[in-house]
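What follows draws every value from the coordinates through simple rules; no lab data is involved. Model, not experiment: these values are computed from the prediction.
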Ligand code: ADP
Ligand code: ASP
Ligand code: MG
């Protein structure tokens with residue numbers, strides 16, 4: 001069995017849904033769907049209005065979104081019966097969203113509102129398949145996808161519940177399920193963070209020991225640089241799990257940051273494919289490496305660099321521990337670290353507790369903060385005895401001020417910290433120098 005995940009653009013219109021239906025009906029797989037494109041953003045906007053106690057603002061967006069869905073339904077189904085069933089489904093979810101315009105709105109209600117996008121898209125797709133004579137079955141993600149008290153997925157629970165659900169519907173032609181949404185340790189509706197449908201797919205893949213996990217999106221696989229900022233990027237045909245994980249973590253939006261781990265741990269190949277061009281080979285992510293090859297570049301935005309300088313303290317035993325403990329105390333993960341004899345620089349992407357962190361760090365030295373920075377990450381088979389890759393990277397960036405350089409934490413990446421204003425220029429320079437041919 002395979003797991004096939006289709007992102008927002010892939011199910012973004014009635015025609016796209018019909019195209020997806022053609023791709024999924026040939027065998028008995030599990031299909032994970034995102035919300036139709038733009039929907040989760042609209043649900044976030046609705047929630048913002050409700051937080052701000054502006055029900056009229058929320059209602060305006062709710063009504064616009066609902067109209068869009070009724071139009072999709074009119075186009076998607078061919079029979080009066082299914083048009084009616086779809087309209088009832090849509091009305092049910094939008095009426096539910098409307099109930100939140102009348103009451104207290106908290107984080108809990110927001111999660112419920114955000115979950116409606118995936119519930120509608122999977123419901124509509126399932127009805128379409130049924131109308132076309134396919135015996136597809138909806139697997140409700142809220143019945144098996146669950147996080148624990150640390151907000152991490154609970155693999156044992158997911159595996160057990162999924163197994164039962166699949167057994168219950170063993171005669172189905174096909175399974176459809178929601179990406180992104182889950183329940184938390186308290187049984188409340190929650191989600192796996194924005195872009196989390198990829199994570200749903202890999203968690204399911206791991207739970208059922210799938211033959212393959214396919215992430216279908218709007219581009220022909222992982223490109224060697226971010227196509228939103230760089231001209232003439234091209235698809236990378238093979239990536240090692242570690243390479244893909246680094247790229248996803250450091251900003252390659254095509255993959256959710258944590259979605260590679262479950263696949264890697266279970267050695268399940270991940271294939272990135274293009275719904276608009278289904279015959280293109282895409283990218284295969286597996287356990288094999290291409291010796292000495294630089295594969296791709298990605299960039300992670302909104303990074304803050306913090307430097308602690310203290311000639312007296314650094315070499316003293318326990319200095320680094322004390323510094324890192326401060327970040328731990330404020331539950332702020334560190335992305336990059338560089339050290340010298342007189343100081344240490346760290347980067348974080350979560351500034352919520354920055355003031356407290358800086359206050360505490362001042363006990364140990366002089367603290368400087370640089371915000372609005374970007375981590376540029378060059379990924380490939382970068383074993384330290386493959387000579388020359390560092391020189392090519394540094395040479396490519398010779399005209400760009402670099403605040404930190406980090407290599408040696410893994411054999412798969414070199415990370416550099418630059419100002420956000422230099423990001424586009426740096427990415428283009430790296431593409432021009434590293435992937436000219
Ligand atoms: P989906 O809605 O299918 O999950 P996403 O928008 O999350 O799709 O991811 C696909 C997008 O990721 C592409 O359209 C592309 O703009 C962006 N992207 C960023 N970096 C890369 C990269 N290195 N390779 C391919 N796509 C990338
Ligand atoms: N619909 C969710 C989002 O837009 C999850 C996803 O698409 O992966 O973030
Ligand atoms: Mg995505």
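Computed from Cα atoms, the angle from the helix 14-24 axis to the main principal axis of the chain rounds to 80 degrees.
Taking the C-alpha atoms only, the angle from helix 107-131 to the longest principal axis of the chain is near 50 degrees.
Between rounded, prolate and oblate, where does region 176-301 land on the alpha carbon gyration tensor, with a ≥ b ≥ c its root eigenvalues, rounded for a/c under 1.5, else prolate if a/b exceeds b/c? Here region 176-301 falls in the prolate category.
When the Cα centres of region 153-226 and region 396-437 are compared, how far apart do they sit, in Å? One Cα centre to the other: 34 Å.
With a/c under 1.5 counting as rounded, go ahead and sort region 357-437 into rounded, prolate or oblate using the C-alpha gyration tensor (a ≥ b ≥ c being the square roots of the eigenvalues; past the cut-off, prolate if a/b is larger than b/c, else oblate). Oblate shape, in that a/c is at least 1.5 and b/c is the bigger or equal ratio.
Taking the C-alpha atoms only, the angle from helix 55-76 to the longest principal axis of the chain is near 60 degrees. Over all Cα atoms in the chain, the spread is summed up by Rg and Dmax: 23.6, 79 Å.
Indicate the gyration tensor shape class of region 74-210 (rounded, prolate or oblate), computed on the Cα atoms with a ≥ b ≥ c the square roots of the eigenvalues: a/c under 1.5 is rounded; otherwise a/b larger than b/c is prolate and the rest oblate.
Note, shape of region 74-210 comes out oblate.
Kirkwood hydrodynamic radius of region 129-214, from the reciprocal of the average inverse Cα-Cα distance over all distinct pairs: 13.3 Å.
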